[in-house]
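Trainee: Here it is: the structure, laid out below.
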Amino acid sequence: MKKYNEIPMAGNIIEPGNSKEYKTGGWRAKRPVHNDETCLWIRNGTCGKCWIYCPDNAVRLIEKDGKYFYEYDYDYCKGCGICANECPTQSIKMESE
Amino acid sequence: MALDFAKGITEFRWHGRGGQGVVTSNQMLGKAALKEGNYIQAFPEFGPERTGAPVRAFLRISKDPIQIYAQVYAPDVVICIDPTLLDVVNPTEGLKADGTLVINTTMTPEEVRDKYDFRGGKVVTVDASTIAMEVLGRPFYNMPTMAAAVEATKVVKIETVIEAVLERYPGKVGELNKVAIEKAVKEAKIG
Amino acid sequence: MTSVEKIPKDQMVVEGLTGDAAIALALKQCDIDVLAAYPITPQTIIVEDFQKFVANGEVKTKVIPVESEHSAMSACVGASAVGARVATATASAGLALMWEILYCAASMRMPIVLTVANRALSAPINIHNDWSDTYGARDSGFIQLYCQSSQEAYDTTIMAFKIAENKDILLPIMVCIDGFILSHNVERVEMLPDQAIKKFLGVRQPFQNLDPDNPITMGPLALTDYYFEFKEQQDEAIKRVPDVFKQVEAEFERMTGRSYGMLETYKTEDAEIILLTHSTPAGTAKVVVDVLRERDEKVGVLRLKMFRPFPSKEVAEAIKHAKAVAVFEKCRSFGSTCNPLALEVMASLYDLKEKPMVTDFVIGLGGRDVPPTTIVEGYEKTKEYLKQGKAPLYETLGVRK
């Protein structure tokens with residue numbers, strides 16, 4: 001931990017976007033588990049609600065050679081469960097770590 | 001022995017009613033004194049700021065910087081600009097024995113002396129109400145009453161007062177006040 | 001440091017100005033960028049006069065007429081964060097409504113100049129002078145300077161920007177005058193030419209400011225891990241004020257021949273009793289001292305100008321030789337041992353082996369006039385307590401009881 005005279009004045013954050021350095025993945029008690037069979041993104045490249053709602057940009061929707069893939073960035077996924085709550089096809093389940 | 005906390009300072013107290021220009025004429029006299037190189041304090045006593053309510057204002061004039069910040073309790077000069085106040089307030093309260101009492105009234109100085117049993121100093125009367133109605137056409141008694149006070153005390157030159165008034169009220173209002181002031185200087189009765 | 005020169009007398013303009021009008025003119029001459037304010041007596045003339053200058057095109061300031069003092073100070077913080085030179089004015093209940101944001105302004109290190117016409121707090125509602133409002137805000141992190149005259153109010157407002165904006169300080173500052181007693185009192189004021197003030201102050205050089213091209217975040221969260229460190233920074237900053245104040249005043253004195261000091265001593269060298277107060281009662285106290293000295297009373301005055309940071313060392317040094325110090329203050333800190341000014345004075349003396357007796361007189365609440373006789377009464381009581389070797393912790397003077 002830094003001393004009072006080693007940190008910016010008044011708590012100013014003088015380096016934009018440095019929240020990336022703060023990995024919220026460590027907070028996670030439950031992790032989202034994904035069912036490829038019912039997920040609309042995997043089936044036809046639609047929906048994407050989980051990606052829209054994720055507060056930590058921890059959902060990655062990937063398109064490669066006409067195929068659709070899906071992954072979580074566990075460095076930042078803090079296990080909030082918003083994706084599971086929003087999924088219209090109940091394709092995301094929260095399971096204990 | 002009473003202590004004198006106002007050495008070298010000429011202290012004034014004004015009586016009038018809210019809306020009659022007590023604050024303004026107090027400041028005019030102060031600014032005239034300032035123009036002649038004096039230090040001043042000109043401040044009103046703020047209370048219920050209502051038109052018609054009795055109000056007081058205070059002025060200090062000195063050759064040296066003034067450091068006392070309190071109301072004036074033992075004035076050298078008292079100026080009462082409203083004749084209807086004479087039975088409401090006692091203008092001689094605290095007035096120094098050698099002080100000057102200036103009153104807008106049709107009474108003579110002798111009559112005023114008898115009314116308040118004030119035997120010392122000077123009593124100055126001027127019918128500022130009539131002057132104001134004749135010259136200004138409105139009941140602005142403040143400037144002519146002030147003019148009588150200046151004439152009696154010579155605390156500043158009347159020309160300096162007129163200069164200050166013309167600066168504050170350029171144009172017709174200032175010119176008419178100048179006429180009223182000059183008339184009051186002539187008509188003031190000192191006794 | 002900028003090089004200022006003595007201003008020739010013929011370039012000074014002498015005016016009859018109330019304390020409020022003097023501050024308004026000073027703000028204009030300081031060429032502030034933003035003023036956000038909400039009207040409240042007896043500060044009103046400051047903002048009214050300033051609005052006239054804006055309407056007449058005499059100054060290019062952006063005036064933000066807000067819907068409350070909370071918003072006024074918030075708008076000031078925002079504008080100051082961008083790098084603007086910012087001022088506002090308030091009193092009493094208005095200052096109370098600013099409370100939350102006072103702390104933000106200080107903690108976020110915004111060099112805002114807040115001029116205050118000191119006024120009593122409700123209830124009962126009262127528009128007249130005492131110091132309860134700014135004394136209440138004494139722990140907000142603002143620098144506090146108290147003025148005796150309209151001239152001092154004018155001069156201090158100008159210096160305030162230079163102190164607040166100094167990169168070693170970066171703290172907001174209150175310039176306080178006694179409501180009505182000074183705010184509405186026409187006095188002789190010698191005004192400086194615009195150019196001289198421009199040269200003296202320069203343009204504000206922000207240290208870190210909001211800029212879309214170089215984004216930063218201000219006022220974020222800091223919890224148990226860092227909050228304390230930021231308070232340490234803030235404390236270090238306010239401790240640097242006396243040095244910067246002295247530098248700024250020295251420069252101002254070169255320009256005008258006038259200076260006031262963090263405190264002023266008047267006939268204290270051989271004084272057995274020292275009257276300690278500030279603002280307008282300090283002027284009256286000096287007059288009282290002159291009169292008492294004619295009766296061979298050994299009495300002097302310490303007039304404090306800077307209440308925050310409190311110049312403890314200097315105050316102790318100036319009064320330690322006296323037999324007693326009589327404090328006069330226009331505030332009652334309800335339930336406290338004594339009152340804010342006396343508390344500071346006593347704490348400043350605590351480490352001395354031999355210390356003067358301290359008496360504490362609460363005077364002039366709600367604008368009750370403080371005539372010289374009230375000061376004399378406090379002096380006489382202090383003399384009596386010295387004889388008895390014991391004094392009450394505080395008492396009120398000038399109240400019917």
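Trainee: Order of A:I82, C:I375 from fewest to most other C-beta atoms within 10 Å?
Mentor: Working: A:I82 18, C:I375 31.
With the sparsest Cβ surroundings first, the list reads A:I82, C:I375.
Trainee: How many angstrom separate the Cα center of the range C:64-78 from the Cα center of the range C:260-288?
Mentor: When both Cα centres are located, 37 Å separates them.
Trainee: Per 0.36 nm of contour for each residue apart, how much would the distance between C:E294 and C:Y227 grow if the chain were fully extended, relative to their Cα-Cα spacing?
Mentor: Stretched fully, the C:E294-C:Y227 segment lengthens by 18.5 nm.
Trainee: Work out from phi, with θ = phi - 60° and the Karplus expression 6.51 cos²θ - 1.76 cosθ + 1.60, the ³J(HN,Hα) of each residue of the range C:62-67, listed in order in whole Hz, and give x for Gly and Pro.
Mentor: Ordered by residue, 3J(HN,Hα) equals 8, 9, 10, x, 8, 9 Hz.
Trainee: For chain C, take the longest principal axis of its alpha carbons; what is the angle in degrees between that and the long axis of helix C:340-349, to the nearest 10 within 0 to 90?
Mentor: Long axis of C:340-349 versus the principal axis of chain C: about 70 degrees.
Trainee: While we're here: Looking at the range B:90-185, which GluC sites (Glu not before Pro) are in a loop (DSSP not H, G, I, E or B) and have at most 14 other Cβ atoms within 10 Å? Let's see the in-between values first.
Mentor: On the way: sites: B:E93, B:E110, B:E111, B:E134, B:E151, B:E159, B:E163, B:E167, B:E175, B:E182; in loops: B:E93.
Taking the range B:90-185 and a limit of 14 other Cβ atoms within 10 Å, the loop GluC sites (Glu not before Pro) found are B:E93.
Trainee: Could you give the C-alpha radius of gyration of the range A:33-97 expressed as a fraction of 2.2 N^0.38 Å, taking N as the number of residues it contains? Numbers along the way, then the final one.
Mentor: Details: Rg = 11.1 Å, N = 65, 2.2 N^0.38 = 10.7 Å.
Rg over 2.2 N^0.38 Å, computed on Cα atoms: 1.04.
Trainee: To test your reading of the geometry: what angle, between 0 and 90 degrees and rounded to tens, separates the Cα axis of helix C:44-55 from the longest principal axis of chain C?
Mentor: Relative to chain C, helix C:44-55 is tipped by roughly 30 degrees.
Trainee: Which ³J(HN,Hα) values, rounded to whole Hz and listed in residue order, are derived for the range C:105-117 from phi using the Karplus coefficients 6.51, -1.76 and 1.60 in 6.51 cos²θ - 1.76 cosθ + 1.60 with θ = phi - 60°, glycine and proline given as x?
Mentor: 3J(HN,Hα) across the range C:105-117, in whole Hz: 4, 6, 5, 7, 6, 9, x, 8, 9, 10, 8, 10, 9.
Trainee: In Å, the Kirkwood hydrodynamic radius of the protein assembly as shown over pairs of distinct alpha carbons?
Mentor: It works out to 28.7 Å.
Trainee: Skipping prolines and chain starts, which residues have an amide H placed within reach, meaning under 5 Å, of the one on C:L276, given they are 5 or more residues away or on another chain?
Mentor: C:L302, C:A326, C:V327, C:F328
Trainee: Also, I was wondering about something else. Pick from B:R168, B:R60, B:R113: which is most flexible by mean-square fluctuation in a GNM of chain B where alpha carbon atoms under 10 Å apart are linked?
Mentor: Largest GNM mean-square fluctuation: B:R168.
Trainee: Nothing charged except the Cβ atoms of Lys and Arg (+1) and of Asp and Glu (-1): what's the magnitude of the dipole of the range C:9-256 about its Cα centre? Round to the nearest 20 debye.
Mentor: That gives a dipole near 320 debye.
Trainee: For the range C:98-207, what is Rg from Cα atoms divided by 2.2 N^0.38 Å, rounded to two decimals?
Mentor: 1.14
Trainee: Next question. What helices in chain B pass both tests, a Cα length along the helix axis of 18 Å or more and a mean Kyte hydropathy of -1.0 or higher, using whole DSSP H runs? Mind showing how you got there, number by number?
Mentor: On the way: long enough: B:22-35 (20 Å, 0.34); B:172-187 (22 Å, -0.34).
Answer set is B:22-35, B:172-187.
Trainee: B:R17's amide H: which non-local residues (gap 5+, or another chain) put their own amide H closer than 5 Å, with H modeled 1.01 Å from N in plane and none for Pro or chain starts?
Mentor: When sequence neighbours closer than 5 places are left aside, the close amide H contacts are B:V55.
Trainee: Given H placed 1.01 Å from N in the peptide plane, which residues other than close sequence neighbours of C:K298 have an amide H under 5 Å from its amide H?
Mentor: So C:K298 has HN proximity to C:E272.
Trainee: Right, another one. Ignoring the sites themselves, what is the longest stretch of chain C with no chymotrypsin sites (Phe, Trp or Tyr not before Pro) in a DSSP loop and at most 11 other beta-carbon atoms within 10 Å?
Mentor: Excluding the exposed sites themselves, the longest stretch runs over C:1-333.
Trainee: Then there's this: How high is the relative contact order of the range C:263-396, in percent, counting Cα pairs under 8 Å that sit 6 or more residues apart?
Mentor: Numbers: 229 pairs, mean separation 35.5, N = 134.
Relative contact order comes out at 27 percent.
Trainee: What base-10 log of the normalised intensity I(q)/I(0) is obtained for chain C from the Debye formula, alpha carbons as equal point scatterers, at q = 0.07, 0.08, 0.10, 0.11 Å⁻¹?
Mentor: So the normalised log intensities are -0.31, -0.41, -0.65, -0.79.
Trainee: Place a label point 7 angstrom from the Cα of C:V203 along the Cα-to-Cβ direction, then list the residues of the range C:65-85 whose backbone nitrogen is under 16 Å away.
Mentor: Correct set: C:82-85.
Trainee: Fewest to most neighbouring Cβ within 10 Å: what's the order for C:L223, C:L276?
Mentor: Values: C:L223 7, C:L276 29.
By the 10 Å Cβ count, ascending, the order reads C:L223, C:L276.
Trainee: Along each of the three principal axes of the Cα atoms of the range C:263-396, give the extent in whole Å, ordering the values from largest to smallest.
Mentor: 37, 35, 30
Trainee: Mean-square fluctuation check for chain C, GNM, Cα pairs under 10 Å: which of C:L17, C:L221, C:L182 is largest?
Mentor: Greatest mean-square fluctuation among the candidates belongs to C:L221.
Trainee: Right, another one. Given the options C:V63, C:V77, C:V113, state which has the largest fluctuation in a GNM of chain C using a 10 Å cut-off (strictly under) for Cα springs.
Mentor: Judging by the Gaussian network model, the answer is C:V63.
Trainee: Can you work out the Karplus-derived ³J(HN,Hα) for every residue in the range C:280-292? Use 6.51 cos²θ - 1.76 cosθ + 1.60 with θ = phi - 60°, whole Hz, and x for glycine or proline.
Mentor: Once rounded to whole Hz, the list reads 5, x, 5, x, 4, 4, 5, 5, 4, 4, 4, 5, 5.
Trainee: So which trypsin sites (Lys or Arg not before Pro) in the range C:300-384 pass both tests, a DSSP loop state and at most 11 other Cβ atoms within 10 Å of the Cβ?
Mentor: Answer in residue order: C:K353.
Trainee: Right, something else. For the range C:172-259, what log10 I(q)/I(0) values come out of the Debye formula at q = 0.13, 0.15, 0.22 1/Å, with one point per alpha carbon and no solvent?
Mentor: At q = 0.13, 0.15, 0.22 Å⁻¹ the computed log10 ratios are -0.80, -0.97, -1.26.
Trainee: Given the C-alpha centroids of the range B:1-68 and the range C:339-367, what is the distance between them in whole angstrom?
Mentor: Centre-to-centre (Cα) distance: 33 Å.
Trainee: Next up: For helix C:150-164, what angle does its Cα long axis make with the longest principal axis of chain C, in degrees from 0 to 90 and rounded to 10?
Mentor: On a 0 to 90 degree scale, this one is about 60.
Each value in this text was obtained by applying a stated rule to the coordinates, not by laboratory testing. Quick caveat, the model's predicted, so the values are computed rather than measured. Counting neighbours? That spans all protein chains shown, and the Cβs are built from the backbone with ideal geometry, glycine included.
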